[in-house]
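In what follows, a single structure is set out as structure tokens and then discussed.
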Amino acid sequence: MRQALLDGQSLITPALFTESLYQTKTAFDGDQLESAVFSMSKTLDQANLEFSRGGNPSAIIDTTARELHLLRNRVDTSVWQALLPIAQEHPVAEYFLQDPFTRWSFTKPRGYSGDAGLLDFIYGHSDVANEINNASPIGRALYDYTKDASSSVAVRERRDLLTKHVDAVAAARGKETEILTIAAGHLREANRSQALQEDGISRWVALDQDPDSVESIRRDFAGTRIQAVEGSVRGLLTKANTLGTFDFIYAAGLYDYLSRKVAIKLTQCCLNMLKPNGVFLFANFAQEIGVDGYMETFMNWPLLLRSEEDMSDIVSASIGSNTMNSTIFFGENRNVVYATIQKIG
Ligand SMILES: C[S@@+](CC[C@H](N)C(=O)[O-])C[C@H]1O[C@@H](n2cnc3c(N)ncnc32)[C@H](O)[C@@H]1O
């Protein structure tokens, strides 16, 4: 496994994330912290007790995740940040880390959060079957919960929605269609693309910063129209990756790590790479996520959740005075929010 060279544009390690967040943090409230620690300890002590008594892992994680979500919403960001290491050091973490999905996220085998291997736990891909099969009974039961948590359901829907968009664009624009995927991961959405199978795409460029993911795409899609490219957001912004123009460009699982400023710059850059009437789509985890507290504590997976207004703000700041069609919409369970922008003429 080769370590990806992080470009500093996406906040894909908890340290980068905290650094960026703390530039705008609110004043630290000591009293609030004390009461939040008390409240969280009560929840985690109870979960620990129930695990030790052989309680139902699925029920335990469900209650814990709900309580953490409520707590996260109730306290200041700075207080919540201070709670993270306390949760991670609580004895109950030993149980939660038996879930292979939680463990992968927490230990970060590729050195950063949200790698494509992690997403394979959500997709139930055979590449992670060993980790799942080797888990303890508690770990398996926890995984049954985490793989079907609302955020996981939304990510599987996102993959399928991307396949549909690619196929629809190829159907509308014909065999010359060119697609660009930014932060492609393992490009699992291409597995079920009819257009790809039927040679209805002329070029599908899949860009990612992680050499292991790029290698996986090269291996899985050898002999197809897919071109795997090792490259980064920084490379796109500085024009080090010059890739040409496209009918459809999209990024899923990336904006969740981009500050507003970088998100706008990247969106503008993508709009410049669109052919006339081409479409850019980006997705972001939404603020409706109910397992955010669990993700940030036991999975050590911080994300920038965005509202419909946040998405609109990025879209309008990126478009400026240009005339373009845009839409914002949610996935079915509202855990992922999407924006599309179409370049006119
Ligand atoms: C959560 S995965 C999403 C993978 C895929 N799009 C999906 O939905 O399954 C995030 C991907 O973004 C890539 N990534 C993160 N920051 C990046 C950057 N600054 N430049 C290029 N790729 C980046 C990671 O390497 C990882 O493969």
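For the reader, a short list of remarks on this structure follows.
- Only one of Val279, Val262 that is touching a residue at least 12 places away in the same chain (Cβ under 8 Å), surrounded by 19 or more Cβ atoms within 10 Å (Cβ to Cβ) and more than 12 Å from the ligand (Cβ to nearest atom): Val279
- Filtered by the rule that a residue be touching a helix residue (DSSP H, G or I) at 6+ places or on another chain (Cβ under 7 Å) and not in a helix (DSSP H, G or I), the range 129-177 gives Ala135, Lys147, Thr177.
- Selection status of Ala93, among the hydrophobic types (A, V, I, L, M, F, W, C) and closer than 23 Å to Phe121 by Cβ: yes
- The residues listed here are Ser20, Ser58; of these, the one that is outside the structural domain of Leu207 (by TED's automatic domain parsing) and either out of contact with any helix residue (DSSP H, G or I) (no Cβ under 7 Å at 6 or more places or on another chain) or within 16 Å of the ligand (Cβ to nearest atom) (or both) is Ser20.
- Any hit, the range 121-138, residues being buried (at least 19 other Cβ atoms within 10 Å of the Cβ), of a type in the set (Phe, Trp, Tyr) and either within 15 Å of the ligand (Cβ to nearest atom) or not assigned by TED's automatic domain parsing to the domain that holds Ser35 (or both): yes
- For the range 175-185, residues that are more than 12 Å from Ile226 (Cα to Cα) and within 11 Å of the ligand (Cβ to nearest atom) total 3.
- Scanning the range 214-250 for residues that are without any contact (Cβ under 8 Å) to a residue 40 or more places away in the chain, within 11 Å of the ligand (Cβ to nearest atom) and either under 21 Å from Arg159 (Cβ atoms) or outside the structural domain of Ala184 (by TED's automatic domain parsing) (or both) yields a count of 3.
- Verdict on Trp80 being among the aromatic types (Phe, Trp, Tyr) and in contact with a Leu (Cβ under 7 Å, 6 or more places away or on another chain): no
- Here is the figure for the range 186-210: residues that are within 15 Å of the ligand (Cβ to nearest atom) and crowded, with 16+ Cβ neighbours inside 10 Å total 13.
- Reported count of residues in the range 297-337, each being surrounded by fewer than 22 Cβ atoms within 10 Å (Cβ to Cβ), among the hydroxyl-bearing types (Ser, Thr, Tyr) and modelled with pLDDT of 95 or more, is 5.
The values are calculated or read from the model by the stated rules, or taken from the named source; none is laboratory data. Remember, it's a predicted structure, so these values are computed and weren't measured experimentally. Backbone-built Cβ (ideal geometry, glycine too); neighbour counts: all protein chains shown.
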